[in-house]
Each structure stands twice: as structure tokens, then as C-alpha cells.
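Asker: Please find one structure pasted underneath; my questions will follow.
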Amino acid sequence: MKIWVGVTDKDWFQFLDQINADEVNFWQPSGSRVFRALQPGEPFLFKLHSPDNFIVGGGHFVRYSALPTSLAWDAFGPKNGVGSLEALNARVRRYRRDDTSLDPVIGCNVLAEPFFFPRSAWIPVPATWAPNIVQGKTYDTVMPDGRALWNSVQTALSDEQRVGEPEMFEGSYDENRFGAEYLTRGRLGQGAFRVLVTDAYERRCAITGEKTLPVLEAAHIKPYALQGPHRVNNGILLRSDLHKLFDLGYMTVTPDLVLEVSPKLKTEWQNGREYYAHHGQKLRVQPADLASQPSREFLSWHNENRFRA
């Protein structure tokens, strides 16, 4: 199992520790460097800047995605480690002094189930940690230093937080299978859901193919408030107006991925020509990964419980 130890600011760590976040965005100032060190579910640990050479917490890696700060704020809010979008932009510009863009693109490392150690449980960095490391370092539990680090993390975690290695899922460890299992069975948050659905649909509206990212939204098929999970197969990426109509039941998608528009849209609002043009249309954009495509179970629920037939 791989472990990433990422370097971060103490104020970012302390802010998140205080709000008891269920997920966090470990962002990097530039969105140009893609993070590829971990598979979904593997540990991503927080190491404070020197002279605080300690590992102070971590989370489970979900996905890397490059997003404008406005969308990162929409998805994660204070889980970005700051109190406002203005504070996030100010923090980014502190690292990118020559960048005056209004909505800079940052690299978002989405982490689920974060944990924050009390000061008494902080872990000294391994002896193999070099003082000149700026961003972070990968460890592997097959090596002595990686194994010792993971054991220290497990010791520092509470009984409720402690987990095993990928073998906690049935069968032998396989990186690709483990990643898919974690995205299906891990305790993901709303922000992770939005990022995963957005990327699964290649940042295009499933109905229209619209690519303007600020107007695209991840719609739950079965609402989270009604026990609908934060899973990709319970989501569809829709333009914001289509999302609203879908939630209100004026639109649905059949288990065969065909769009239906309710006749009540016209009778109640005397309009809807643009939307009726899509009636009977197969989804224009579908996830390439079959496991990420809308679940027939959730689509049937929406047809039966939401659609205004």
C-alpha cells in the first residue's frame, strides 16, 4: 500500500481540525501538476511545514481534479481550510504572486474521512524524510520505513477511526480493484460526489453536452436526504436549469437512459419548448466506466417517486 505525506500550513490544519470536517480539499496552488501518487482509498497524510516536522493527521485519497477556486468553494466551502472564497483566493495568490486572475485554477486533492491528531499524538517524520522536500513524499508499506509509519498512524488513531490496509475488502489486494471498491463503499462527502460526477461525465451536461463548467451541477438521482448515497452511479451531471427540473420531477431518466419530460411542465407553466425538444432522447454524455453509469435502481426510484407523469 502506498502512503503520501503532503506538506501543509499549520493554519490550514488547525482550521479544519476545529470544524470537524467529514471531507477536506488538500489543495495545491497550481492546477497544472496532476497528483498520481495514490489510488482511491489509500492514506494521504498531513505533515506541517518546518520547524514542525510532524505528521498531524490525514485522510483517504478520493480523486485529484483541477478546479477554479469558485467551484472548489462551491463544492467544499470551509472544508478548503479557510473561512471564505475571498480567503481562499488570497491564500492562493500568496503562493502565486504573479497571478492576478479572478478565478485561479487550483489542484484539488479530495480526501474523505479525515482525521486530526491531538498534539500529544503527533508523529515525527521518518528518518528518511529529507529537509529539502517541498510538496511531499511517497512511502510504501512493503518497505520498513513505510510499514513503521503506517503502524504509528494506526496507533495514533482512535478505535473508531482505525482501518486496515486494502485487504479490508474481500479478496487479495489489487490497486485498480481497491480504488473502485473504495469509491463504491467508502464514506464519501458531498464535495467528493460533485467532483467524481463532474469528472465521470467529462465535464459535460449529460443531456445537452454543455461544457461551461460553472453552470454544470452534479444531481443526485435519489436525494441524499432520502438515503441516496454520495456515489457516482447515483449522480448525473446536468446544466443548472435541467438539474432544477430534474429535482422537481418535471424530468426523469428511464433505466434505459432515455430522457422523459413531464406534460405538467407545459400545463403548469405554459412553456417548456426547449425542454420538450429533448424528450425521448438518449443521454448524450454517459460515463465511460460502466460502474459509474446511472444505477437502474436509483433511476427506477426517481421514475416512481419524483417524476410528474
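Asker: Is it true that some residue in the stretch 14-34 is assigned by TED's automatic domain parsing to the domain that holds residue 124, under 21 Å from residue 187 (Cα atoms), out of contact with any Gly (no Cβ under 6 Å at 6 or more places or on another chain) and among the acidic types (Asp, Glu)?
Answerer: yes
Asker: Return the pairs, sorted by first residue and then second, in which the second residue is of a type outside the set (A, V, I, L, M, F, W, C), the first residue lies in the stretch 24-48 and is on the phi > 0 side of the Ramachandran plot, the beta carbons are less than 8 Å apart, and the residues are 6+ apart or on different chains.
Answerer: 41/60; 41/166; 41/179; 41/181; 41/182; 41/186
Asker: If you take the residues of the stretch 248-302 that are surrounded by 15 or more Cβ atoms within 10 Å (Cβ to Cβ) and of a type in the set (Phe, Trp, Tyr), which of them is nearest to residue 228 (Cα to Cα)?
Answerer: 298
Asker: Restricting the search to the stretch 191-220, which residues are farther than 21 Å from residue 299 by Cβ and in contact (Cβ under 8 Å) with a residue 40 or more places away in the chain?
Answerer: 191, 192, 195, 213, 214, listed by residue number.
Asker: Of 29, 40, 68, 118, which residue is over 19 Å from the mean Cα position of the chain (by Cα) and either within 22 Å of residue 4 (Cβ to Cβ) or not charged (D, E, K, R) (or both)?
Answerer: Working: 29 fails: over 19 Å from the mean Cα position of the chain (by Cα); 40 fails: over 19 Å from the mean Cα position of the chain (by Cα); 68 fails: over 19 Å from the mean Cα position of the chain (by Cα).
None of the others qualify; the one that does is 118.
Asker: For residue 243, all conditions in the list (1) in a helix (DSSP H, G or I); (2) touching a residue at least 24 places away in the same chain (Cβ under 8 Å); (3) out of contact with any helix residue (DSSP H, G or I) (no Cβ under 8 Å at 6 or more places or on another chain); (4) farther than 14 Å from residue 302 by Cβ hold save one; what is the number of the exception?
Answerer: Status for residue 243: all satisfied but (4).
Asker: Please work out which residue is nearest to residue 104 (Cα to Cα), limiting yourself to the stretch 186-213 and to residues that are touching a helix residue (DSSP H, G or I) at 6+ places or on another chain (Cβ under 6 Å) and of a type in the set (Gly, Ala, Ser).
Answerer: Top of the filtered list is 191.
Asker: Considering each residue of the stretch 99-114, count those that are surrounded by fewer than 21 Cβ atoms within 10 Å (Cβ to Cβ) and farther than 16 Å from residue 70 by Cα, and give that number.
Answerer: Residues that pass the stated criteria total 1.
Asker: Do you know which residues across the stretch 27-86 are assigned to a helix (DSSP H, G or I), hydroxyl-bearing (Ser, Thr, Tyr) and crowded, with 22+ Cβ neighbours inside 10 Å?
Answerer: Looking only at the stretch 27-86, we keep the residues that are assigned to a helix (DSSP H, G or I), and these are 69-80, 85-86.
Next cut, hydroxyl-bearing (Ser, Thr, Tyr) only: 69-70.
Hit for the stretch 27-86 is 69, nothing else.
Asker: Hey, residue 179 hits all of (1) surrounded by 18 or more Cβ atoms within 10 Å (Cβ to Cβ); (2) at pLDDT 85 or above; (3) out of contact with any Gly (no Cβ under 6 Å at 6 or more places or on another chain) but one; which does it fall short on?
Answerer: Evaluating residue 179 over (1) surrounded by 18 or more Cβ atoms within 10 Å (Cβ to Cβ); (2) at pLDDT 85 or above; (3) out of contact with any Gly (no Cβ under 6 Å at 6 or more places or on another chain) leaves (2) as the failure.
Asker: Looking at (1) assigned to a helix (DSSP H, G or I); (2) free of Cβ contacts under 8 Å to residues at least 24 places away in the same chain, find the lone condition where residue 280 falls short.
Answerer: Residue 280 satisfies every listed condition except (1).
Asker: Next up: Tally up the residues in the stretch 7-26 that are in a loop (DSSP other than H, G, I, E, B) and touching a Leu at 6+ places or on another chain (Cβ under 8 Å), please. If you could, list the steps in order and put the result at the bottom.
Answerer: Initially, the stretch 7-26 is screened for residues in a loop (DSSP other than H, G, I, E, B), giving 9, 20-22.
Still in the running and touching a Leu at 6+ places or on another chain (Cβ under 8 Å): 9.
Of the residues in that region, 1 qualify.
Asker: Somewhere in the stretch 222-229, is a residue in contact (Cβ under 8 Å) with a residue 60 or more places away in the chain and under 18 Å from residue 77 (Cα atoms)? Working first, answer last.
Answerer: Initial filter on the stretch 222-229 (in contact (Cβ under 8 Å) with a residue 60 or more places away in the chain): 222, 228.
Next cut, under 18 Å from residue 77 (Cα atoms) only: none.
No: the stretch 222-229 contains no residue that is in contact (Cβ under 8 Å) with a residue 60 or more places away in the chain and under 18 Å from residue 77 (Cα atoms).
Asker: Which of (1) closer than 15 Å to residue 200 by Cβ; (2) of a type outside the set (Lys, Arg); (3) modelled with pLDDT under 95 does residue 257 not meet, given it meets every other one?
Answerer: Result: residue 257 fails condition (3) only.
The values are calculated or read from the model by the stated rules, or taken from the named source; none is laboratory data. Owing to the predicted nature of the structure, the values given are computational and were not obtained by experimental measurement. Reconstructed Cβ throughout: ideal geometry from the backbone, glycine too, with neighbour counts over all protein chains shown.
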